[in-house]
Amino acid sequence: MEENIINKVKEQFLDMQLDTDKDADAEDVAIVAAAQDGDMAMVTRLLDEGCDVNKIGPKQCNAMHKAVKNGHLEMVTLLQEHGADVNAPMTDQTGHCPLTISAVNDNVDIMHFLLKSKNIKINQVTKDQLRSALHIAVLHNNPSCIKLLLSYHCDVTMKDFTGNTPIGLAVVCNMKPCVEEFVHHGCNMNVLSYPDLHISPGLYWKPHTLVETALLNRNQNMAELLVNNGATVGNIQDYVSHNSNYTTERVVILRDDANLWVKERKQHPRPLSELSRYQIRKLLGSNMTSKVMSLPLPSIMQHYLTNIHCE
């Protein structure tokens, strides 16, 4: 291989996008840099001269990773024709593969090309967060990628490091367009979700139904979408016992939101037993509590007022 050509490419790109070690192998820098820049002529020449198409270069990625990230479909095609591994993960802490990279950047055309590859691992997950391309598409709110992945029958039941399936993650993140794609695909609306993405499942609180999570996010439209497509309402849990960030007042408001929404769906008033103490306190005011206690009241009202009085 002509050493002066390789060194020229290395010198051209060292101080630009790649920002790499000047002691890095010249050929590795050259093909990754050229692929990133979409330079078909240079990549073709390097490959014809015997450059390793799968060699990991600067930034712990190879030519395919850079071509996918920058949306160069023609380059991706060229690299694949010369033996590029469409499943090769990056060697950094994330471990992204070409398919998950395409999901990050909403590159539907490249994703479609990769999915048609003979050896594609459609459910391959990242190293750091155990997320598939479907999880990644949800996180970046790319419903077009979700639709494409679902059409290739990717696994909708896979869980990431938080315990969330892709649809659970979509509800947690309030990504309604993504949830709609799962609905159209006929996915199960009764899977569980973990609303806090910063803790491991089971450490501080229990899993929630998708409807509970939607109500926790104050997203009634999401809850209605879920219930209208087969999700159960479930029971609103006492979040205080699982996470100290939730005050008692926030919990009773959450319960009230859930009950109010169920009432509107059923088109009948709530029974008194469904009223929260917060709601009674708000209606009566603390100064009226002792006066009302002296009146003849139903036992259920006495119970609530007694609890208020003792707090």
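The values are calculated or read from the model by the stated rules, or taken from the named source; none is laboratory data. Only a predicted model underlies this, so the values are computations on that prediction, with no experimental measurement involved. Cβ coordinates were reconstructed from backbone atoms using ideal geometry, including for glycine residues, and neighbour counts include every protein chain displayed. Protein only, heavy atoms only, side chains kept; ligands, DNA and RNA dropped before computing areas. Shrake-Rupley method; radii C 1.70, N 1.55, O 1.52, S 1.80 Å.
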I'd like to check something: does segment 18-31 contain any residue that is among the charged types (D, E, K, R), modelled with pLDDT of 95 or more, surrounded by fewer than 18 Cβ atoms within 10 Å (Cβ to Cβ) and part of a loop (DSSP other than H, G, I, E, B)?
no
Residue pairs qualifying under the 6 Å Cβ cut-off, at least six apart or on distinct chains, with the first in segment 151-180 being under 16 Å from ALA103 (Cα atoms) and the second being among the aliphatic types (A, V, I, L, M) and open to solvent by 60 Å² or more (accessible area, probe 1.4 Å), are ASP160/LEU130
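If only one of LEU192, LEU130 is at positive phi, hydrophobic (A, V, I, L, M, F, W, C) and open to solvent by 60 Å² or more (accessible area, probe 1.4 Å), which one is it?
Within the list LEU192, LEU130, the selection yields LEU130.
For (1) at pLDDT 85 or above; (2) open to solvent by 30 Å² or more (accessible area, probe 1.4 Å); (3) within 21 Å of LEU134 (Cβ to Cβ), each residue gets a yes or a no:
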{"position": "CYS187", "(1), (2), (3)": "yes, no, yes"}
{"position": "LEU197", "(1), (2), (3)": "no, yes, yes"}
{"position": "TRP205", "(1), (2), (3)": "no, no, no"}
{"position": "ALA223", "(1), (2), (3)": "yes, no, no"}
Do you know which residues across segment 139-159 are open to solvent by less than 50 Å² (accessible area, probe 1.4 Å) and assigned to a helix (DSSP H, G or I)?
PRO143, CYS145, ILE146, LEU148, LEU149, LEU150
Restricting attention to segment 54-83, which residues are touching a helix residue (DSSP H, G or I) at 6+ places or on another chain (Cβ under 6 Å), among the aliphatic types (A, V, I, L, M) and surrounded by 19 or more Cβ atoms within 10 Å (Cβ to Cβ)?
ALA63, MET64, ALA67, VAL68, MET75, VAL76, LEU79
How many residues does segment 54-80 contain that are charged (D, E, K, R) and modelled with pLDDT of 95 or more?
3
